[in-house]
Protein chains: 2
Amino acid sequence: MFNKRLLIPGPAPIPPAVARAMSTEMFNHRGPRFAELIAEVTASLKRVFQTESRLFILTSSGTGAMEAAVVNFLSPGDRIVSLVNGLFGDRFASIAAAYGGNVERLESAWGEPLDYAALEARLREDKDSSIRAITVVHNESSTGMMNDLEKISRIRGDHPALLLVDTVSSMGAVDLPVDRLGVDVCFTGSQKALLLPPGLSFISASERAWKAAASSKMPKYYFNLQTAEELLKKGQTPFTPALPQFVALREALQIYFAEGRENCYARHRRMASAVRAAARALGLEPLVKEERFASPTVTAIMNPPNISGKRLQVMMLERFGIEIAGGQGALEGQIFRVGHLGAVDGLDIIAGISALEICLQLLGHPVKAGEAVGAAEEAMST
Amino acid sequence: MFNKRLLIPGPAPIPPAVARAMSTEMFNHRGPRFAELIAEVTASLKRVFQTESRLFILTSSGTGAMEAAVVNFLSPGDRIVSLVNGLFGDRFASIAAAYGGNVERLESAWGEPLDYAALEARLREDKDSSIRAITVVHNESSTGMMNDLEKISRIRGDHPALLLVDTVSSMGAVDLPVDRLGVDVCFTGSQKALLLPPGLSFISASERAWKAAASSKMPKYYFNLQTAEELLKKGQTPFTPALPQFVALREALQIYFAEGRENCYARHRRMASAVRAAARALGLEPLVKEERFASPTVTAIMNPPNISGKRLQVMMLERFGIEIAGGQGALEGQIFRVGHLGAVDGLDIIAGISALEICLQLLGHPVKAGEAVGAAEEAMST
């Protein structure tokens with residue numbers, strides 16, 4: 001297959017210029033060239049995050065940043081409320097617990113909206129402000145559910161709990177004004193909407209979070225952001241950074257801002273609408289029912305009756321070189337997932353939907369050729 | 001400067017084919033292509049490590065693997081003996097302490113040999129085997145000292161303490177038979193002798209270490225090797241890996257084994273001898289006096305009398321595009337360091353020595369043009 005298409009929720013496709021930038025020669029990560037580079041990309045990332053506070057670049061996947069979000073701002077025994085409606089919400093709670101946090105999970109079924117009312121009630125009854133942090137995953141890649149951060153921010157209100165937010169699969173693809181929303185700690189990975197290969201993660205910290213960091217007692221070293229702050233002042237990272245990703249990040253951010261944030265948000269919304277419209281035209285059901293919670297970057301679709309999602313996945317790959325994803329954890333065997341983020345556009349989605357029509361028909365699902373593609377085209381143009 | 005030369009102790013120069021491999025398109029890290037890749041490179045890395053035990057690939061710098069070496073095998077309160085004669089030995093002890101280890105430091109001055117006798121005495125008096133681990137940095141990049149692992153292994157003898165060894169700047173460049181030496185946990189980084197950019201680290205664990213891991217109580221998540229083991233069975237990593245480095249790793253290891261291990265070791269020894277001979281011909285003194293402790297990958301040289309090492313460093317960079325390193329921590333302002341590892345050969349070293357002759361002369365140091373280069377050539381041919 002000479003033309004592979006990657007429609008998984010990350011790593012997302014990257015632009016050719018970013019791929020070429022990865023071929024950089026090595027250079028001194030404690031010299032002037034790196035100092036200039038880290039200053040530039042840190043400033044650009046703050047624009048992506050819409051924050052004027054601190055931002056650090058870590059050499060790790062998004063989960064490394066998730067660990068950093070926990071261990072830098074909390075202490076063992078701290079009461080932490082974790083909102084969970086998918087695999088990554090569960091992971092966030094697990095990390096907090098692994099480091100000794102006193103974690104209360106507010107769980108909803110995977111694919112269902114968060115229990116906003118329960119959060120509101122829990123914070124209201126917390127008269128002595130014993131809750132130190134709320135963890136939430138903005139965009140659940142495991143379900144295609146985008147949780148309502150605006151609402152969570154409103155519910156948190158004046159409660160002093162820190163708001164720790166995973167935006168791994170949404171930052172860059174959705175309007176996420178970190179400062180305006182009062183998000184205290186926000187992190188993402190390089191390999192999603194930000195047009196870069198995996199290898200780096202990005203994390204911001206509000207003034208309030210930074211004050212809390214000073215008294216944090218959870219153990220840490222590699223992910224210690226205080227050390228990162230000290231070294232950043234010298235234009236360095238504490239430990240040898242993934243240089244190729246740093247060089248490519250400059251290129252990726254230039255491409256990102258050349259498209260324009262609003263255009264990028266709109267492109268992701270269009271692709272999501274196209275996939276949902278196509279699913280319905282094929283008689284399939286998106287896992288996330290309500291449009292307002294539909295993720296702009298990944299759509300989970302219930303497996304067609306009597307057809308194995310795994311078989312569909314393998315057929316898409318073998319016939320067309322198209323990679324889609326299956327369900328994870330509790331949803332394994334129930335859904336397939338289509339990623340639509342990063343360096344992809346509507347016509348990549350059309351190609352994927354065309355392949356889906358052909359494969360589903362071969363698998364015995366009733367399909368009228370071109371109908372789902374047509375529905376996707378219409379969804380994209382409105 | 002169109003032809004930059006990187007003579008720092010890492011990131012080391014990489015072969016052009018490795019740089020090109022970094023430009024890979026993205027693909028599914030949970031699909032068959034990645035499964036095949038991780039199986040192949042893990043097996044090759046075991047040959048580099050000369051181990052038949054477990055080996056894991058982490059998306060982090062070497063310090064991440066250092067943290068993994070501590071948190072996976074120990075519990076808070078465990079007695080740990082840390083051998084320290086440089087920055088990285090100090091870092092190893094600091095990580096163990098940060099995670100609640102009861103750390104006893106056996107310190108020597110930076111640039112001096114380890115206190116082997118003190119280690120021997122300490123283990124002999126430890127009748128109830130309360131010492132759970134010994135941490136040691138094989139090759140101290142901060143001083144150019146290669147510590148005697150064979151000797152430490154002999155001293156440890158039958159004592160049940162785990163031997164945890166940092167080989168970040170030596171693995172691949174020096175004969176390091178991990179299993180034969182009884183090293184329980186061994187780790188390195190991708191950006192040193194192994195011909196790859198930074199972004200990955202590699203860590204092995206003996207059967208004995210793996211048994212200890214089962215009862216380890218230090219908190220961990222991102223660096224949890226039990227999770228890594230589970231996922232490796234499926235041909236995956238727990239979290240999204242730095243894909244470009246994985247793809248380039250296959251290329252790098254092919255180049256590494258094509259040169260041949262013994263040839264690679266010999267090349268590094270030759271380069272080290274050349275640098276030391278040149279230093280002496282210039283009337284300069286290597287920090288590490290005894291030849292048997294001289295690192296094959298990095299040489300620290302005392303600053304010439306009345307000449308600032310910083311000025312020398314800047315002049316080398318500005319005139320010739322050559323990057324050398326300064327001193328770190330306790331040795332800042334006292335030494336400069338020349339790295340000779342990775343994709344460099346004797347003639348790169350000759351170029352560096354030529355530049356050194358010219359710059360030192362300009363700075364007022366007495367130099368006879370060509371003398372140090374001649375000494376280096378002679379050292380290389382013996």
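The values are calculated or read from the model by the stated rules, or taken from the named source; none is laboratory data. All of these numbers come straight from a predicted model, not from anything done at the bench. Don't worry about glycine lacking a Cβ; one is built from the backbone with ideal geometry, like all the others, and counts go over all protein chains shown.
The single condition among (1) closer than 30 Å to A:Ala19 by Cβ; (2) more than 7 Å from chain A (Cβ to nearest Cβ) that B:Gly64 does not meet is (2).
Among the candidates A:Leu83, A:Leu45, the residue that is in a helix (DSSP H, G or I), more than 30 Å from B:Ile322 (Cα to Cα) and more than 14 Å from chain B (Cβ to nearest Cβ) is uniquely A:Leu45.
Taking first residues from region A:12-25 that are more than 7 Å from chain B (Cβ to nearest Cβ) and part of a helix (DSSP H, G or I) and partners that are surrounded by fewer than 23 Cβ atoms within 10 Å (Cβ to Cβ) and not aliphatic (A, V, I, L, M), the Cβ contacts under 7 Å between residues at least 6 apart in sequence or on separate chains come to A:Ala17/A:Glu251; A:Val18/A:Glu251; A:Ala21/A:Glu251.
Residues of region B:366-382 that are over 32 Å from the mean Cα position of the chain (by Cα) and crowded, with 18+ Cβ neighbours inside 10 Å: B:Val367 alone.
Taking the listed residues A:Leu123, A:Leu87, the one that is more than 28 Å from A:Gln226 (Cβ to Cβ) and in contact with a His (Cβ under 6 Å, 6 or more places away or on another chain) is A:Leu123, with no other qualifying. Has region A:32-41 got any residue that is facing another protein chain (nearest Cβ under 8 Å) and not in a loop (DSSP other than H, G, I, E, B)? Within region A:32-41, not a single residue is facing another protein chain (nearest Cβ under 8 Å) and not in a loop (DSSP other than H, G, I, E, B).
The condition of being crowded, with 21+ Cβ neighbours inside 10 Å, outside the structural domain of B:Asp90 (by TED's automatic domain parsing), touching a helix residue (DSSP H, G or I) at 6+ places or on another chain (Cβ under 9 Å) and among the hydrophobic types (A, V, I, L, M, F, W, C) holds for B:Ile301.
Out of all the residues in region A:162-175, which are outside any strand (DSSP E or B) and surrounded by 24 or more Cβ atoms within 10 Å (Cβ to Cβ)?
A:Thr167, A:Val168, A:Ser169, A:Ser170, A:Gly172, A:Ala173
Screening A:Ser130 on (1) within 27 Å of A:Ile57 (Cβ to Cβ); (2) in contact with a strand residue (DSSP E or B) (Cβ under 7 Å, 6 or more places away or on another chain); (3) among the polar types (S, T, N, Q) shows it passes everything except condition (1). Restrict the check to region B:343-350 and report whether at least one residue is of a type in the set (Gly, Ala, Ser) and in a loop (DSSP other than H, G, I, E, B). Yes, the conditions are met somewhere in region B:343-350. Considering only residues in region B:89-106 that are of a type in the set (D, E, K, R) and either at the interface with another protein chain (Cβ under 10 Å from one of its Cβ atoms) or in a helix (DSSP H, G or I) (or both), the one that is nearest to B:Lys289 (Cα to Cα) turns out to be B:Asp90.
If I filter region B:362-370 for residues that are over 29 Å from B:Ala252 (Cα atoms) and in a helix (DSSP H, G or I), do I get at least one hit? Checking region B:362-370: at least one residue is over 29 Å from B:Ala252 (Cα atoms) and in a helix (DSSP H, G or I).
Which of the residues belonging to region A:38-82 are of a type in the set (S, T, N, Q) and farther than 24 Å from A:Leu196 by Cβ?
Passing the criteria: A:Ser75, A:Ser82.
Could you say whether any residue in region A:115-130 is among the aromatic types (Phe, Trp, Tyr) and either outside the structural domain of A:Ala65 (by TED's automatic domain parsing) or assigned to a loop (DSSP other than H, G, I, E, B) (or both)? No, because not a single residue in region A:115-130 is among the aromatic types (Phe, Trp, Tyr) and either outside the structural domain of A:Ala65 (by TED's automatic domain parsing) or assigned to a loop (DSSP other than H, G, I, E, B) (or both). Say whether the condition of being assigned to a strand (DSSP E or B), under 30 Å from B:Met218 (Cα atoms) and not assigned by TED's automatic domain parsing to the domain that holds A:Gly329 is met by at least one residue in region A:141-160. Taking every residue of region A:141-160 in turn, none turns out to be assigned to a strand (DSSP E or B), under 30 Å from B:Met218 (Cα atoms) and not assigned by TED's automatic domain parsing to the domain that holds A:Gly329. In the set (1) over 16 Å from A:Ser130 (Cα atoms); (2) more than 13 Å from chain B (Cβ to nearest Cβ); (3) crowded, with 18+ Cβ neighbours inside 10 Å; (4) aliphatic (A, V, I, L, M), the condition left unmet by A:Ala109 is number (3).
Criterion first (touching an Asp or Glu at 6+ places or on another chain (Cβ under 6 Å), in contact (Cβ under 8 Å) with a residue 12 or more places away in the chain and among the aliphatic types (A, V, I, L, M)) does A:Val81 satisfy it?
Spelling it out, A:Val81 is indeed touching an Asp or Glu at 6+ places or on another chain (Cβ under 6 Å), in contact (Cβ under 8 Å) with a residue 12 or more places away in the chain and among the aliphatic types (A, V, I, L, M).
Each row is one residue, and each column tells you yes or no for (1) within 14 Å of chain B (Cβ to nearest Cβ); (2) within 30 Å of A:Glu378 (Cβ to Cβ); (3) surrounded by 24 or more Cβ atoms within 10 Å (Cβ to Cβ).
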{"residue": "A:Trp210", "(1), (2), (3)": "no, no, no"}
{"residue": "A:Met218", "(1), (2), (3)": "yes, no, no"}
{"residue": "A:Tyr222", "(1), (2), (3)": "yes, no, yes"}
{"residue": "A:Lys234", "(1), (2), (3)": "yes, no, no"}
{"residue": "A:Ile255", "(1), (2), (3)": "no, yes, no"}
{"residue": "A:Ala266", "(1), (2), (3)": "no, yes, no"}
